[in-house]
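Working notes, beginning with the structure itself.
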Amino acid sequence: MIPIRDANPTLRRPWITIAFIVANVAVFLLWQPTFADEGEQQAFFFCHAQISWEVSNQQNLSQGGAPAREALDETFGPGAGSAIQPYLQRTCPGKGWLASIFVSMFLHGGWLHIAGNMLFLWVFGNNVEDRLGPVGFVLFYIVGGLAAMLLHLAFEPSSAVPSLGASGAIAAVLGAYLVLFPRARITTLVFFFFITWIELPAAVVLVAWFVFQVFSGVGGLASELSGGVAYWAHVGGFAFGAAAAWLLFRGHRPPPVHRPLPPRPDTYL
């Protein structure tokens, strides 16, 4: 199921949601080597994206010595550490593991990755921003991304795979939307032996999405394969968003937007 739009009007223009979308697209097109070969892109991700081993050890792979090489070998196969670590020492020896946590929220691995994330952010972010307000939404988005990273880290603390994308923060937005607007109608593109449009309650769309993430995450644990998708980051972000919305924002309403009244029509008798 792919959500296309919702029937849930807002009182204010979602400037922060728009700004996040613009920032993600700008990073993807103007900073990442999006149009370069795969090797250059992977090198960029190693130098800028969040890596679980680096966060767990509070040290980047280039300066991690033998333990870092062992982590690379375990992740990518024997000999990977001896090949990758010297390259990182030459290209990005001063990578900051802490900064990479925040930078990763604005990096994407490809066109489908960023297109899907920005679609979900646009469909669901405007209403959550409308309820939380601009400042509250910025803080919520960032903390949601951190919560997503922490659950992913708990399941893969020694992984040397670069982790990137706005998915965790956007998952927090989805969790909040479920709590705040469970009955909102979502126009959804459904693939099930045929392709059709259908309008569904937000609760159906978002619960189905969350259940898929949980089952995929559990399946990844059993098979040690997840197709490159950080499902537990999605689960962590969604759970945080739903919990935070339930505890802090469920009864909150945005302040009314005062618009000038239209001029009084003149009456001719």
**Study point:** helices (runs of 4 or more DSSP H) within region 1-117 that include 3 or more residues of a type in the set (V, I, T) and either modelled with pLDDT of 95 or more or touching a strand residue (DSSP E or B) at 6+ places or on another chain (Cβ under 9 Å) (or both)
**Key:** 15-26
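With S216, S226 as the choices, which residue is in a helix (DSSP H, G or I), surrounded by fewer than 23 Cβ atoms within 10 Å (Cβ to Cβ) and modelled with pLDDT under 95? Can you show your working first?
Working: S226 fails: in a helix (DSSP H, G or I).
Just one listed residue meets the conditions, S216.
Could you list, in sequence order, the residues of region 177-221 that are within 19 Å of A148 (Cα to Cα), in contact (Cβ under 8 Å) with a residue 24 or more places away in the chain and within 19 Å of the chain's Cα centre (by Cα)? Walk me through it before giving the result.
Filtering region 177-221 down to residues within 19 Å of A148 (Cα to Cα) leaves 177-179, 206-221.
With the extra rule that they be in contact (Cβ under 8 Å) with a residue 24 or more places away in the chain, the set shrinks to 177-179, 206-210, 213, 217, 221.
Passing the criteria: Y177, L178, V179, L206, V207, A208, W209, F210, Q213, G217.
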Exercise for review: Tell me, please, whether a residue that is farther than 29 Å from D6 by Cβ and aliphatic (A, V, I, L, M) can be found in region 93-100.
Suggested key: yes
Practice item. State whether one or more residues within region 4-23 are closer than 15 Å to V161 by Cα, more than 18 Å from the chain's Cα centre (by Cα) and of a type in the set (D, E). Key: no
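Of all residues in region 1-50 being of a type in the set (S, T, Y) and farther than 30 Å from T91 by Cα, which is surrounded by the most Cβ atoms within 10 Å (Cβ to Cβ)?
Of the residues in region 1-50, the ones of a type in the set (S, T, Y) are 10, 17, 34.
From what's left, farther than 30 Å from T91 by Cα: 10, 17.
Working: T10: 15, T17: 25.
The residue in question is T17.
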Exercise for review: Just give me the residues in region 26-79 being charged (D, E, K, R) and under 25 Å from M118 (Cβ atoms), in sequence order.
Suggested key: D37, E38, E40
Point to revise | Residues that are surrounded by fewer than 23 Cβ atoms within 10 Å (Cβ to Cβ) and more than 20 Å from A23 (Cα to Cα), drawn from region 132-152 | key: L150, L151
Study note, to complete from the structure: By residue number, the members of region 24-44 that are aromatic (F, W, Y) and within 16 Å of the chain's Cα centre (by Cα) are F28
**Study point:** Criterion (hydrophobic (A, V, I, L, M, F, W, C) and more than 30 Å from A80 (Cα to Cα)) met by exactly one of A148, A172
**Key:** A172
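The values are calculated or read from the model by the stated rules, or taken from the named source; none is laboratory data. These numbers come from a predicted model, not from an experiment. Cβ atoms come from the backbone with ideal geometry, glycine included; neighbour counts cover every protein chain shown.
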